[in-house]
Amino acid sequence: MPVLPGAEPYRHEGGEVGVLLCHGFTGSPQSLRPWAEHHAAHGLTVSLPLLPGHGTRWTDMQLTTWQDWYAEVDRELRALTDRCSRVFVAGLSMGGALALRLAARHGDRVAGAVVVNPANKVHGLSAYALPVARHLVRSTKGLVGDIAKRDAAELGYDRVPLHAAHSLRRFLRRVDGELPQVTQPLLLRSAEDHVVPAADPARVLSRVSSRDVTEIVLEHSYHVATLDVDADRIFEESLAFIGRLAPSVGKEGTAAVG
């Protein structure tokens, strides 16, 4: 299936500092594209992949699992570490969980992590029914579009495939067990959120072993904060965070966007 217009992956060849951005469950790179372009404009090498099963039709996602989604970002991280002297990971929602797992598993190859409203658990009684329900019902109502800003929209699926939701639940449980292995500097943001409850970022903070942690509460945004009222603050704070840990940021020229 062709990729939906606007859901394409994004890459930029910049300097020796790289950042890998991971989008969320049933979403697409569109939700992080402005963030990626902001970092590219300041000289970073940027990778924003399209996760398998995303960006086409929700039925395509039925055929994928968390192993497919993680394998994609793992490949991108390895490519960045071959190209760059320092690499950071970042993500929104499930993308935040992907970024945290990359940090946990790759150790010193990841210089720091920026997670926006990271998912930690599939909540509600329905989560416990997923192992059976996924065989009876193909999908449920979508999650995308939780944005306070009236003129902003998220490109993603209007249905959640239950096979994929079951796999997400298993993935988040695995990531939770690996959080103590996250030792890198961490910049975490939370906001009013109708998709990921405040308990999830709080759980992440309580479980990681990072000593250099900055939590910023975004007062005016909902779940998809990277497209919301506080988006510019996310871009600026994350760039400052990366610049603090990699002082060469902003001092190198940029290359053409690919």
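The values are calculated or read from the model by the stated rules, or taken from the named source; none is laboratory data. Computed from a prediction, not measured in an experiment: that's the story for all the values here. Neighbour counts are summed over all protein chains in view; Cβ atoms, including those assigned to glycine, are modelled from backbone coordinates with ideal geometry. Only protein heavy atoms, including side chains, enter the accessible area calculation; ligands, DNA and RNA are left aside. Shrake-Rupley method; radii C 1.70, N 1.55, O 1.52, S 1.80 Å.
Any chance you could count how many residues in the stretch 38-52 are in contact (Cβ under 8 Å) with a residue 60 or more places away in the chain and either surrounded by fewer than 23 Cβ atoms within 10 Å (Cβ to Cβ) or in a helix (DSSP H, G or I) (or both)? Even if it seems obvious, please write down each step before you answer.
First pass over the stretch 38-52, keeping only residues in contact (Cβ under 8 Å) with a residue 60 or more places away in the chain: 38-44.
From what's left, either surrounded by fewer than 23 Cβ atoms within 10 Å (Cβ to Cβ) or in a helix (DSSP H, G or I) (or both): 38-43.
Residues meeting the conditions: 6.
If you take the residues of the stretch 76-95 that are open to solvent by 20 Å² or more (accessible area, probe 1.4 Å) and touching a residue at least 24 places away in the same chain (Cβ under 8 Å), which of them is nearest to GLN30 (Cα to Cα)?
Filtering the stretch 76-95 down to residues open to solvent by 20 Å² or more (accessible area, probe 1.4 Å) leaves 76, 78-79, 81-83, 85-86.
Applying the additional criterion that residues be touching a residue at least 24 places away in the same chain (Cβ under 8 Å) yields 76, 79, 81, 83, 85-86.
Details: GLU76: 18, ALA79: 22, THR81: 24, ARG83: 24, SER85: 27, ARG86: 25 Å.
Among those that are open to solvent by 20 Å² or more (accessible area, probe 1.4 Å) and touching a residue at least 24 places away in the same chain (Cβ under 8 Å), it is GLU76.
Please work out if VAL115 is surrounded by 14 or more Cβ atoms within 10 Å (Cβ to Cβ) and either of a type outside the set (A, V, I, L, M, F, W, C) or touching a helix residue (DSSP H, G or I) at 6+ places or on another chain (Cβ under 7 Å) (or both). Let's see the steps before the verdict.
Details: surrounded by 14 or more Cβ atoms within 10 Å (Cβ to Cβ): yes; either of a type outside the set (A, V, I, L, M, F, W, C) or touching a helix residue (DSSP H, G or I) at 6+ places or on another chain (Cβ under 7 Å) (or both): yes.
So VAL115 fits the description; yes.
So which pairs qualify, if the first residue must be in the stretch 1-18 and surrounded by 20 or more Cβ atoms within 10 Å (Cβ to Cβ), the second must be aromatic (Phe, Trp, Tyr), the Cβ gap must be under 9 Å, and the two must be at least 6 apart or on different chains?
Going by the 9 Å Cβ cut-off, the qualifying pairs are VAL17/PHE88; GLY18/PHE88.
Out of all the residues in the stretch 119-133, is one or more under 13 Å from the mean Cα position of the chain (by Cα) and surrounded by 18 or more Cβ atoms within 10 Å (Cβ to Cβ)?
To start, the set of residues in the stretch 119-133 that are under 13 Å from the mean Cα position of the chain (by Cα) comprises 119-120.
Of the ones still in play, those that are also surrounded by 18 or more Cβ atoms within 10 Å (Cβ to Cβ) are 119-120.
Yes.
Are any residues in the stretch 198-219 open to solvent by less than 70 Å² (accessible area, probe 1.4 Å), under 17 Å from the mean Cα position of the chain (by Cα) and of a type in the set (Asp, Glu), and if so, which ones?
ASP200
Scan the stretch 212-232 for residues that are among the charged types (D, E, K, R) and either more than 18 Å from ALA113 (Cβ to Cβ) or without any contact (Cβ under 8 Å) to a residue 12 or more places away in the chain (or both) and jot them down. So that I can check it myself, show each step before the final result.
Let us first name the residues in the stretch 212-232 that are among the charged types (D, E, K, R), namely 212, 215, 219, 228, 230, 232.
The answer is GLU219, ASP228, ASP230, ASP232.
Among the residues of the stretch 1-34, what is the count of those that are under 10 Å from the mean Cα position of the chain (by Cα), within 15 Å of THR56 (Cβ to Cβ) and part of a helix (DSSP H, G or I)?
1
Name the single residue that is surrounded by the most Cβ atoms within 10 Å (Cβ to Cβ) among those in the stretch 176-196 being farther than 25 Å from PHE235 by Cβ and not small (Gly, Ala, Ser).
Step one: of the stretch 176-196, the residues farther than 25 Å from PHE235 by Cβ are 176-181, 183.
Filter again for not small (Gly, Ala, Ser), leaving 176, 178-181, 183.
On the way: ASP176: 17, GLU178: 16, LEU179: 21, PRO180: 11, GLN181: 16, THR183: 16.
Ranking the qualifying residues of the stretch 176-196, first place goes to LEU179.
Would you kindly identify the strands (runs of 3 or more DSSP E) lying entirely within the stretch 64-166 that contain at least 1 residues that are under 30 Å from ASP212 (Cα atoms)? Steps first, please.
Numbers: elements: 86-92, 112-116, 139-141, 159-161.
The qualifying strands (runs of 3 or more DSSP E) are 86-92, 112-116.
State which residue pairs qualify: first residue of a type in the set (Asp, Glu) and inside the stretch 138-152, second residue open to solvent by 80 Å² or more (accessible area, probe 1.4 Å) in any location, beta carbons under 8 Å apart, and separation of 6 or more residues or different chains.
Short answer, once both residue conditions are applied: ASP146/HIS194.
Give VAL137, VAL144 a once-over and let me know the one that is open to solvent by 20 Å² or more (accessible area, probe 1.4 Å), of a type in the set (Val, Ile, Thr) and over 30 Å from VAL110 (Cβ atoms).
Exactly one residue qualifies, and that residue is VAL137.
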